[in-house]
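Here is the structure we will look at, set down as structure tokens.
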């Protein structure tokens, strides 16, 4: 049928040249009755569907014309930017799509597209912005339309192809073929008189096998808190040192570097190795002396923080790089340390006429397990070893959640533990008072605990703003039992090992991430005595906070905790820093798209296995060229590792 509709524009004189008799025009807006009882739209949006004498009807074909962008279509909503409206973006993108060539280069080989059921790139770009009216809205909202799947897979395929390509490039580099003969085995047994778990034995074999190969080891060592990763890393260090090479161990914080230094001296120094510590806060004279020993090869094991990355630190014969808690350094820092000495001649000068030293082996350790999906994207260029059991002497930690209204009971429990000869941590999320969130400051509560609640006990405090010497002395006092209760911020999150500490109280536990809570909890339960982690909460806790706390109280399994933490927080916040080296995706989401990620990894490996009957060299070259462009854009470098 037909009806009359009045359209009213204010200051609409500009429209007189837009309309012509015989045009088909679509208008849309809010339809309402005017005072005469007739239908009208005030300030309608307009879209010209056809020119005079070119009446194509109202089917879908006309809506694909240059003008018809919003009528009879599923219309995308773009985020406005200043004066640029969503409608402006729609028209610009429509124009850009119309100007695309009929075919654009395909970075995904034809055989891969066929196996994955992917539509062509040109079609995907068009349909993701201008979907067919018949497309399921559910598929569009869940990123499961054919266009979305194609673009998501392309993004993941590019990342996985780059990681696999890097991994294979590394296999072609000249490495060190370490000898693991009976003499070295006897040294290991003499220095490390411990009984490894089944998982440790498996991982030790994987690392030793890698070190015997003629190309550089690039291996990620994963394990739960307290699973014995450090002792495994020390065995790798012994192999390198006994073969006449130096070892560098880099940690993210001075506290953790110092902890490694003390452990290494206790365990390895009896073999006659010279072990040195190099941190940024040391005085220049001491650092100069350490650098001299390192450059002359007098120091076999060099432990430090980012200070190891300084240009003035030169190794005479680097053989193994161990990076602990690697994701805190970022991709570029890892690259820099891995190449320390490899691009320099023994005198420390880059001279092409002098043969380059072989690439050192690299062992990366993470403090907490990384979910498989993140491992595929962050560490896809590394082989992965997993220690999936803890030493049998470890007693499971009892975790309880309580309101801070019950704090008197909690402090009484802490007192009982200390009276039994044990020690305790009290952890706070911040250093200074934050009135907006009503968080208690560590210093304020240290005074409260030491003066009012535990005046008869030895209470210490540790936070990130203390100078290095004070931090070191505080940790030494705590390790020797001279401090019974240590009030701390999260600087004790990694690496601190005091077997006599059996209780940890975490204030404002609802403010911490799940993996961080698990990491903190891992500072206790390191001896045979039963240990307790008390999660104190303040006020109403969010639904997500409740899930975190419930999960932590339910399980001690770090792998399970890591998966749930990734699910709750998303990949962008999992590590709490963009410097993690995690790729930023335009459309992919590694949690939602984990099945496509697995498929992308599999297909990337298959492409690099080519060419073959289904795959031409030209397709491989195109895929690699596209990958290199994307890596350059995302990371600012093409080769990492």
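The values are calculated or read from the model by the stated rules, or taken from the named source; none is laboratory data. Everything numeric in this text was worked out from a predicted model, so none of it was measured. Methodologically, a virtual Cβ is constructed for each residue, glycine included, from the backbone with ideal geometry; neighbour enumeration extends over all protein chains shown.
Inspection of the range 95-118 finds a residue satisfying the criterion of being modelled with pLDDT of 90 or more and in contact with a strand residue (DSSP E or B) (Cβ under 6 Å, 6 or more places away or on another chain). When the criteria are applied in full, residue 402 fails the requirement of being closer than 16 Å to residue 525 by Cα and in contact with a strand residue (DSSP E or B) (Cβ under 8 Å, 6 or more places away or on another chain). When the test is whether a residue is within 18 Å of residue 628 (Cα to Cα) and outside any loop (DSSP other than H, G, I, E, B), residue 138 does not pass it. Screening the range 263-310 for residues that are in contact (Cβ under 8 Å) with a residue 60 or more places away in the chain and out of contact with any strand residue (DSSP E or B) (no Cβ under 7 Å at 6 or more places or on another chain) and picking the one that is nearest to residue 498 (Cα to Cα) gives 263.
Would the range 33-51 turn up any residue that is loosely packed, with under 13 Cβ neighbours inside 10 Å, at pLDDT 80 or above and within 30 Å of residue 620 (Cα to Cα)? No. Being within 26 Å of residue 479 (Cα to Cα), modelled with pLDDT under 90 and over 26 Å from the mean Cα position of the chain (by Cα) is the requirement here; does residue 283 meet it? Yes: the conditions hold for residue 283. For the residues 486, 535, 517, the requirement of being in the same structural domain as residue 411 (by TED's automatic domain parsing), modelled with pLDDT of 85 or more and either assigned to a helix (DSSP H, G or I) or within 21 Å of the chain's Cα centre (by Cα) (or both) singles out 517.
Taking the range 103-114 only, how many residues are farther than 20 Å from residue 131 by Cβ and not in a helix (DSSP H, G or I)? So the answer is 6.
Quick grid of which residues meet (1) farther than 20 Å from residue 238 by Cα; (2) modelled with pLDDT of 85 or more; (3) not in a helix (DSSP H, G or I):
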residue	(1), (2), (3)
289	yes, yes, no
333	yes, no, no
340	no, no, yes
346	yes, no, yes
352	yes, no, yes
356	yes, no, yes
363	no, yes, yes
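Scanning the range 400-451 for residues that are surrounded by 14 or more Cβ atoms within 10 Å (Cβ to Cβ), at pLDDT below 90 and under 29 Å from the mean Cα position of the chain (by Cα) returns 428, 429, 430, 431, 439, 441, 442.
Conditions (1) without any contact (Cβ under 8 Å) to a residue 12 or more places away in the chain; (2) on the phi > 0 side of the Ramachandran plot; (3) in contact with a helix residue (DSSP H, G or I) (Cβ under 9 Å, 6 or more places away or on another chain), marked per residue:
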| position | (1), (2), (3) |
| --- | --- |
| 170 | no, no, no |
| 184 | no, no, yes |
| 190 | no, no, yes |
| 193 | yes, no, no |
| 207 | no, no, yes |
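The sole residue among 318, 252 that is closer than 30 Å to residue 397 by Cβ and either modelled with pLDDT of 90 or more or under 27 Å from the mean Cα position of the chain (by Cα) (or both) is 252.
Just checking, does the range 148-158 include any residue being in contact with a helix residue (DSSP H, G or I) (Cβ under 6 Å, 6 or more places away or on another chain) and free of Cβ contacts under 8 Å to residues at least 40 places away in the same chain? Looking for residues that are in contact with a helix residue (DSSP H, G or I) (Cβ under 6 Å, 6 or more places away or on another chain) and free of Cβ contacts under 8 Å to residues at least 40 places away in the same chain, one finds at least one in the range 148-158, hence yes. Just one of the listed residues (547, 480) is surrounded by fewer than 18 Cβ atoms within 10 Å (Cβ to Cβ), free of Cβ contacts under 8 Å to residues at least 24 places away in the same chain, closer than 21 Å to residue 415 by Cα and in the same structural domain as residue 454 (by TED's automatic domain parsing), namely 480. Is it the case that the range 183-197 has a residue that's farther than 20 Å from residue 360 by Cα and touching a strand residue (DSSP E or B) at 6+ places or on another chain (Cβ under 8 Å)? Checked the range 183-197: at least one residue is farther than 20 Å from residue 360 by Cα and touching a strand residue (DSSP E or B) at 6+ places or on another chain (Cβ under 8 Å). Whether any residue in the range 219-229 is touching a strand residue (DSSP E or B) at 6+ places or on another chain (Cβ under 8 Å), on the phi > 0 side of the Ramachandran plot, in contact (Cβ under 8 Å) with a residue 60 or more places away in the chain and not in a strand (DSSP E or B) is what I want to check. Checked the range 219-229: at least one residue is touching a strand residue (DSSP E or B) at 6+ places or on another chain (Cβ under 8 Å), on the phi > 0 side of the Ramachandran plot, in contact (Cβ under 8 Å) with a residue 60 or more places away in the chain and not in a strand (DSSP E or B). Here residue 464 passes the criteria (1) free of Cβ contacts under 8 Å to residues at least 40 places away in the same chain; (2) in a loop (DSSP other than H, G, I, E, B); (3) out of contact with any helix residue (DSSP H, G or I) (no Cβ under 7 Å at 6 or more places or on another chain) except the one numbered (3).
Residues in the range 226-249 that are surrounded by 24 or more Cβ atoms within 10 Å (Cβ to Cβ) and at pLDDT below 90: 227 only. Go through the residues of the range 561-584 one by one and say whether even a single one is closer than 30 Å to residue 518 by Cα and modelled with pLDDT of 90 or more. The answer is no; no qualifying residue exists.
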